[in-house]
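Some notes on the structure that comes next.
The values are calculated or read from the model by the stated rules, or taken from the named source; none is laboratory data. These figures come from a predicted structure and were not determined experimentally. Reconstructed Cβ throughout: ideal geometry from the backbone, glycine too, with neighbour counts over all protein chains shown. Only protein heavy atoms, including side chains, enter the accessible area calculation; ligands, DNA and RNA are left aside. Shrake-Rupley method; radii C 1.70, N 1.55, O 1.52, S 1.80 Å.
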Amino acid sequence: MHRRCLLFVFSLTSTLWSDEVRFLRLEPTVLFPHGQPLRQIARLSLINEGATVVRCRVSVRLKDTPPVAAAEFEAAPGYSVHEVLVPDVDAVTPLELRLTEAANGRLMAVHRQDWTPQRKWKIFIIKSSHEDLGYEDYIFNKQRDIAYYIDLARSLSGARDPAPDSGEAPAGRYHYTLESLLFQRNYIEERSETAWREIVERDIKPGRMHLMGAPHGIHSHWMDYEELIRSTYPGRREAADRFGLDLKTFMIVDNPSLSWSGCQAVADAGFRYVARWGQGWRTGGHNDYQTTRLPAIFWWQAPDGKNRVLFAWRSHYGQASGGYGNFIDAGAQHLDRLLKQVEAGTLLGPYPYDALANPEYADHEVPYYPRGALTEWARRYRYPEIRIASPTEFFEYMEAKYGAQIPVLSGDLNNFSADYAAIDPDSQGRKRRAARLLPVAEGLGAIASLLNPAFLPPARLIERAFTRLFDYDEHSWPTLPRASDHQLFNAQWVKIREAERALEDAQKAMELSYAALAGHIPTPSGPVLVVFNPLAHPRTDVVEVEAPISGLIDSVTGRPVPVEQIPGGRTVFVASIIPAFGYKTYRVTADWPGAPLTLEAREDRISNQYYDIRFDRVTGTIRSIFDKQLRRELVDQSAAERFNQFIYYETKARESPEAKRHSPLQ
């Protein structure tokens, strides 16, 4: 009977304890509300195993400090999560949490764990509009819209927020970032330069709005060195001389990247920072740390081993900062999850910093400012600080606080969308020819103006041609089926026709400069050919002349120069040792027979004294290239495909590894 009574009492005690609240876990967050002393929000998970609401009181005690009240709340039956406040710590500290019933002070649970210091996050939200030259609308409509966006952003943007390291919280103001110099260009064309100067003085210089230094989303991998260097001129030298602006950030957005030689050019021009906001698709995972293992921010050492830029990458599509929305509580939970992923290294790789750049905008996006949400966040939370800012402000903070510990890397980055260069080979060829003619035209014009101060070099013509080259090298070609009418129009107007116009400008500049210089070159009587070398070192190279020439005499050596007449009434020869940035003259003669012809051509073979080339009569591919001087076969006879064989792959989706292979018969 006694044992039965004990069993009965034990069963009754168990029932009583089933009304208690059971502790599950205590998890830190990245959130710190305003208040002194600074305290961190933690999430306390409980289970109320009873059928009624229990009012709970929580106290927290850190080592060697008295306990402090952390929270008081009602725990409903079942599972629940509650916020408690834990004093901020600067080192790992033992923590004791005591859970009591508020009504009678009865102790329900005691929990102990080590408490780890939490980073005081600063989130830099970049708000802009990504502007392609070819996708969203007709180019003339986009230009009008961009000017309107700038006017709208002016009305939304506020005074500069306190610096992140000032100890003062941001005020939740809006600051618009003009993604590239396309914004400046379009605004001047739509409103006037006077109107733009007003924006520079009243909005950009005071820090209400921010201007980045790239022409637009250029493909630097397509550029030769001169064009690459010129692409930095508008954002550095011209911005300073014309508008008094010191633009520090070169921003590349969407699918292009920046070449290593581009890093050199950007650093040499005086840019300090490069921001690369990419897309998450059509890259084969190459905008993802899991694929590239590329740090989210690093010093990029230029090829010269001396100069460098601070480089950061993120995706600007589908990003969310948390807190940047109408539901502050939901935003806080999302931001907590996001930053914990960053801290754990699963999102961006190792990231031991307390600041994060978050580009948060889409294509052709109308500026907007959720004033209430940002103001409420700034009122409620001390950390994370959320500020709408420019990439430059993020970089300046990172350099000042972490510059010495940010890793230094060198070498080339992946070339996003390199296949775009093959979309229209004909116009790509015109663009490349224009890019090579322009430096020559400019060099000749500079010499001509020194010899004749009355001659004005065609600088504006050359500048316009380079701008056209930049537009051609911008990344937006209509590549996805089905292309819209405005995409096809923009491809013709901004891409194909711009390559033609750039070449026309280059040829005109060449003609003007050469005509001005030709009269100052001393020549003997009779026809003379002048060969100019625009490079900074002596050069020996093949020259092609668009005229039939029977013979040439080198004016320096007095010796005949072998020539070869080729189809189309043209002539080629080798010009030897042309001085650096100088010229050599060749006297045209009619009595030199030219180079001996040893060319032999058959149905499936062509050869001369140097090479023997053989073709496949069915497919047209090259079966053999035999070097007679080296006595060596240059074509791999064991290769799976023939030399010069056309192969076409058709994939099921953008990045699908499954493909059908099409090629001529072998």
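The table below lists the values:
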item	result
Set 241, 246: member being in contact with a helix residue (DSSP H, G or I) (Cβ under 9 Å, 6 or more places away or on another chain) and open to solvent by 30 Å² or more (accessible area, probe 1.4 Å)	246
Filter result for the condition that a residue is in a strand (DSSP E or B), in contact with a Ser or Thr (Cβ under 7 Å, 6 or more places away or on another chain) and surrounded by 12 or more Cβ atoms within 10 Å (Cβ to Cβ), over 549, 606, 577	577
Meets criteria (under 18 Å from residue 219 (Cβ atoms), out of contact with any strand residue (DSSP E or B) (no Cβ under 9 Å at 6 or more places or on another chain) and not hydrophobic (A, V, I, L, M, F, W, C)) for residue 487	yes
Pair list, Cβ under 8 Å, 6 or more apart: region 535-547 residue within 21 Å of residue 225 (Cβ to Cβ) and of a type outside the set (Asp, Glu), other residue open to solvent by 70 Å² or more (accessible area, probe 1.4 Å) and not in a loop (DSSP other than H, G, I, E, B)	538/577; 539/577; 540/574; 540/577; 542/574
Residue list for region 261-294, restricted to those being part of a loop (DSSP other than H, G, I, E, B) and modelled with pLDDT under 95	279, 280, 281, 282, 283, 284, 285, 286, 287, 288, 293, 294
Answer residue from region 530-543, given it is surrounded by 11 or more Cβ atoms within 10 Å (Cβ to Cβ) and either of a type in the set (Val, Ile, Thr) or assigned to a strand (DSSP E or B) (or both) and is farthest from the chain's Cα centre (by Cα) among those	530
Residues of region 44-66 satisfying the condition of being open to solvent by 40 Å² or more (accessible area, probe 1.4 Å) and either polar (S, T, N, Q) or within 18 Å of residue 116 (Cα to Cα) (or both)	52, 61, 63, 64, 65
Test: residue in region 176-198 that is in a loop (DSSP other than H, G, I, E, B) and under 21 Å from residue 126 (Cβ atoms)	yes
Pick from region 460-506, criterion open to solvent by 20 Å² or more (accessible area, probe 1.4 Å) and in contact with a Gly (Cβ under 8 Å, 6 or more places away or on another chain), ranking: modelled with the highest pLDDT	487
Residues (surrounded by fewer than 17 Cβ atoms within 10 Å (Cβ to Cβ), in contact (Cβ under 8 Å) with a residue 60 or more places away in the chain and charged (D, E, K, R)) located in region 383-425	399, 401, 412
Total residues in region 67-112, condition touching a Lys or Arg at 6+ places or on another chain (Cβ under 9 Å), open to solvent by 50 Å² or more (accessible area, probe 1.4 Å), assigned to a strand (DSSP E or B) and farther than 18 Å from residue 35 by Cα	6
Counted residues, region 430-481 - those being of a type in the set (Val, Ile, Thr) and farther than 25 Å from residue 185 by Cα	3
